[in-house]
Amino acid sequence: MNRRPTLLAALALTATAALTLSACGSDDDSPSKDADEIAGADTGGGKPASPSESAAAPTDRPKIELPSDLTLTFEGGETGDPVKDAILADSAERMRAVDAAITGTDPKGEALSFYNTGKALEAALNWVAQFEEAGATMTGEARYYDRKVTLKGKNSATLLFCADESKGFSKDKKTNKIHKTPVTKNSYVLYNTRLDKNTEGVWQTSQIISTRGAAQCQP
């Protein structure tokens, strides 16, 4: 499939968007039918950087803003462990960064490349490009819960979490038509991610796999 040139595609740099549209619609003019395929393509990972133990957390993190009609809620962000809390925070910013690129509040994808690396970054860029090709954006709400961090050393970790995407929808950019569909078990998604700490102290997502309709995420 040929993609028209975009600023995002031109970046030298995401997979699922925070509101993956496979849970939100199946219209022919939306990218929803490709959501799980793109999400599942994110099974590899780039080789993580080897951060020095003295690397300090960056002070110039990109500011991420989302449209007023899009709300993301992240539960359980404080565990009492500063490392795990940092991982949860950077993972949340990763999800927000993807949505900012899709909705146009981060047209250059600066936050996208800040919080993603390797296969996760490649998949996110493809995902953003599909929204642009379809002339679609997103609206509504997504809730992230049951977020569980497992440390794999000083600079690597896995993070599993669930998403309630039942109130997230695709929206046509030109007409502002919202494509709504009934809530099903596939509105609830399990995400299995890997994060690696880079030389700037950022926990970047390097791998992400989604399982739509996972039993453990059902309400």
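Scanning the range 176-190 for residues that are assigned to a loop (DSSP other than H, G, I, E, B) and either basic (K, R) or out of contact with any Gly (no Cβ under 9 Å at 6 or more places or on another chain) (or both) turns up N176, K177, K180, P182, V183. Could you pull out the residue among D146, D99, D60, D106 that is surrounded by fewer than 21 Cβ atoms within 10 Å (Cβ to Cβ) and either modelled with pLDDT of 90 or more or closer than 26 Å to K180 by Cβ (or both)? From the options D146, D99, D60, D106, the qualifying one is D146.
Just one of (1) within 21 Å of V202 (Cβ to Cβ); (2) exposed (fewer than 15 other Cβ atoms within 10 Å of the Cβ) fails for G80. It is (1).
Against the list (1) surrounded by fewer than 20 Cβ atoms within 10 Å (Cβ to Cβ); (2) modelled with pLDDT under 50; (3) in contact with a helix residue (DSSP H, G or I) (Cβ under 9 Å, 6 or more places away or on another chain), the condition A49 fails is (3). Condition check: out of contact with any Cys (no Cβ under 8 Å at 6 or more places or on another chain), over 17 Å from D99 (Cα atoms) and open to solvent by less than 30 Å² (accessible area, probe 1.4 Å). Does G135 satisfy that? Judged against the criteria, G135 is not a match.
Residue under question is V202, and the condition is that it be farther than 23 Å from G104 by Cα and open to solvent by less than 40 Å² (accessible area, probe 1.4 Å); does it hold? It is true that V202 is farther than 23 Å from G104 by Cα and open to solvent by less than 40 Å² (accessible area, probe 1.4 Å).
The values are calculated or read from the model by the stated rules, or taken from the named source; none is laboratory data. Note that the structure is predicted; figures quoted are calculated from it, not measured. Using ideal geometry, Cβ is built from the backbone for each residue, glycine included, and neighbour counts are taken over all protein chains shown. Ligands, DNA and RNA are excluded from the accessible area calculation, which covers all protein heavy atoms including side chains. Shrake-Rupley method; radii C 1.70, N 1.55, O 1.52, S 1.80 Å.
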